[in-house]
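Heads up: the structure comes next, in structure tokens.
None of the figures in this text is laboratory data; all of them are computed from the coordinates on show. None of these values were measured; they are calculated from a predicted model. Here the Cβ is made from the backbone with ideal geometry for all residues, glycine too, and neighbour counts use every protein chain on show.
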Amino acid sequence: MHLGMSGESAGSSRRFQTTHWSLVLSSTRGDTTEERAQEALSQLCRLYWRPICAFIGRQGHSDSDAQDLTQDFFLAVLRGKLLEKADPERGRFRSFLLKSLQNFLRDARDKQRALKRGGGVNVISWDDWMAEAPSHLTIPTAALERWPAERIFDVRWAATLAEQAFRRLAEECETRGRRRVFDTLSKVLVVEGGDVSYDELGRELSISSADVKRLLYQLRQRYRKLLRAEISRTVGNKTDVEEELRYLISALANQPGS
């Protein structure tokens, strides 16, 4: 029984050729059509509305206001020059987007919201965002009230990348006819070895515990590769991937109740 997770599908390989930096640049170039610009921004919206909305909410805005401001932020990107100075050589896309968001919020306060909420245009509806990017991360209410906005942003950012890699792993298993294996083993994908009952999982899948260990090892290896691929799309330099990976893992590992 072989899971076959060592290679990348053609579809996933194509996806990884597009970095978030290139999405931003394609949305701000003057020679890009409005349709292509909006498509590029919509891709970013689908991924990063959650950390952005969480950051804005921690600034003291109500849920509805945070949603409106998040929408306005992406509209400002689409319509104006908010990301015009985007430069992959400046480093991590996470840091760049957060700085751009902080500048946007500062300007919004100073100008009394020069952009009318919504403005009659939607980058993508909230319902679509929720449907495409359900989060499995729950931050305790006490932490939401205590943590600085930047920390909430980083935790939500890390969860977004981790969940994106998780969904792609599920898609690959589905394509290879291994969805049942994924559904069973994904529950212990990031669980320490001593806490995993290989015999119980083997009975559930009707395979030996040795096969469970092998399949779980393959899943974990593929998941790490997909996670690194997600991170590589958010950094300007490939050498920054490992450092960013350690940072984001730390953000998630230290979040419960801390």
Provide a single number: the residues in the range 198-256 that are farther than 21 Å from residue 92 by Cα and either among the hydrophobic types (A, V, I, L, M, F, W, C) or in contact with a strand residue (DSSP E or B) (Cβ under 7 Å, 6 or more places away or on another chain) (or both).
-> 8
Select from the range 44-70 the residues that are of a type in the set (Gly, Ala, Ser) and in a helix (DSSP H, G or I) and write down the one among them that is surrounded by the most Cβ atoms within 10 Å (Cβ to Cβ).
-> 54
Picking from 186, 208, the residue that is surrounded by fewer than 15 Cβ atoms within 10 Å (Cβ to Cβ) and of a type outside the set (A, V, I, L, M) would be 208
Restricting the range 38-71 to residues that are more than 24 Å from residue 145 (Cα to Cα) and free of Cβ contacts under 8 Å to residues at least 60 places away in the same chain, the one nearest to the chain's Cα centre (by Cα) turns out to be 44
